[in-house]
Amino acid sequence: MSVTSLEGSAREGSARAALDAVFDPELDEPITDLGFVRSVAVTPDGALTVRLRLPTSFCSPNFAYLMASDSKDALTALPWTRDVVVLLDDHHDSDLINRGLAADAGYRGTFGAEAEKDLEELRLTFRRKAHSAAMERALACLLRESPDLTEEDLHEVVLGDLPDVTAAGALRRRRAALGLGVEPSDHVLVDDHGTRYPQGEIPLRLRFARAVRVSIDGNAHFCRGLLRTRYPRSGADQAPRAEEFARFTAPQAQFTAPQKENVS
């Protein structure tokens, strides 16, 4: 069944929307926002080819495969696709990864003995890091809006107390990915299994979460710049980071409420 140019454009849009749900596991941002989607091509009979690009040729093969594999899964789930091809360009393992994807060989089937961890183990590791960073961002937003709160007060904060900002929504998504509660009455400061931290550990846990967040945000900022350097026109494909995300990239940002008011 053929499609008109208008229908083809709509299908390309739906393909890009599906890719919005594919995240870089280390940077915790959609590959579409990062500019990693190089092209999307749809044929009249429903075949779909997507090409991906990364900031360097030596980005971790684990991460590269995970993003390419997740992209193929997201696109294959679209009801109109007949054949889906995802290709990774300009990476030192492009041929290996592209062959594995074409054959649906899976992670271990693609890398063989080089596969250090099961793909789901790798995914879980980064989901946990993303949860820690999202928790810190959301609580930092709360402290800025409620300067009378102290770090100790955060022990009793529940999801319903968080301001209605992007960071709060991101935290709920990260919690859902780990199987944690997302009800308004669920406490915010919990570990990866949903267990509340003892109140006396709150400052330590916040410092750890902030360290994780700074690492993720710093890497995201760096990788965006590397991609623009490697592919000079790629900047047009990168989405600006949400305001409350971008403000935390500054290395001088601190967690405590009085200093947050001066962060710009």
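The values are calculated or read from the model by the stated rules, or taken from the named source; none is laboratory data. The shown structure was predicted, so the numbers you read here are calculated from the model rather than taken from an experiment. So basically every Cβ, Gly included, is an ideal-geometry build from the backbone, and we count neighbours across all protein chains shown. Surface areas here come from the heavy atoms of the whole protein model, side chains and all, with no ligands, DNA or RNA. Shrake-Rupley method; radii C 1.70, N 1.55, O 1.52, S 1.80 Å.
Some values worked out for this structure:
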read-out	value
Crossing angle, helix 202-230 versus the chain [Cα axis fit, 0-90 degrees, rounded to tens]	30 degrees
For Asp24, distant residues with modelled amide H under 5 Å away	Glu29, Ile31
Unit charges on C-beta of K, R, D, E only; dipole of the range 1-151, Debye	260 debye
Given 15 as the ceiling on other Cβ atoms within 10 Å, longest exposed-site-free region of the chain for trypsin sites (Lys or Arg not before Pro) in DSSP loops	118-232
For the chain, share of DSSP beta bridges that run antiparallel, in % to the nearest 5	55 percent
Given charges at beta-carbon only (K, R positive; D, E negative), |dipole| of the chain in Debye	620 debye
Longest segment of the chain lacking chymotrypsin sites (Phe, Trp or Tyr not before Pro) that sit in a DSSP loop with at most 14 other Cβ atoms within 10 Å	81-264
222 nm mean residue ellipticity, helices alone, for the chain (DSSP H n ≥ 4; -39,500 (n - 2.57); rounded to 500)	-15000 deg cm²/dmol
Accessible area (Å², per residue) of the chain, counting only protein heavy atoms and a probe of 1.4 Å	49 Å²
Estimated inter-spin distance, Gln238 and Phe58, nm [label 7 Å along Cα→Cβ]	2.1 nm
Per-residue HN-Hα couplings for the range 37-54 [Karplus 6.51, -1.76, 1.60; θ = phi - 60°; Hz; x = Gly/Pro]	8, 7, 7, 10, 10, 10, 8, x, 8, x, 7, 10, 10, 10, 10, 10, 9, 10
Convex hull (Cα only) mean projected area of the range 1-64, reported in nm² to one decimal	4.7 nm²
Reduced Cα scattering model of the range 1-107, Debye log10 I(q)/I(0), q = 0.21, 0.25 Å⁻¹	-1.08, -1.43
Sites matching GluC sites (Glu not before Pro) across the range 40-138 that sit in DSSP coil, with at most 14 neighbouring C-beta atoms within 10 Å	Glu116
From phi via Karplus (6.51, -1.76, 1.60), per-residue ³J(HN,Hα) for the range 85-95 in Hz, x at Gly/Pro	10, 10, 10, 9, 8, 6, 10, 5, 10, 4, 4
Cβ-based net charge around Ala211, under 12 Å, with every Lys or Arg adding one and every Asp or Glu removing one	+3
In Hz, Karplus ³J(HN,Hα) per residue of the range 12-24 (6.51, -1.76, 1.60; θ = phi - 60°; x = Gly, Pro)	4, x, 5, 5, 5, 5, 5, 6, 4, 8, 9, 10, 5
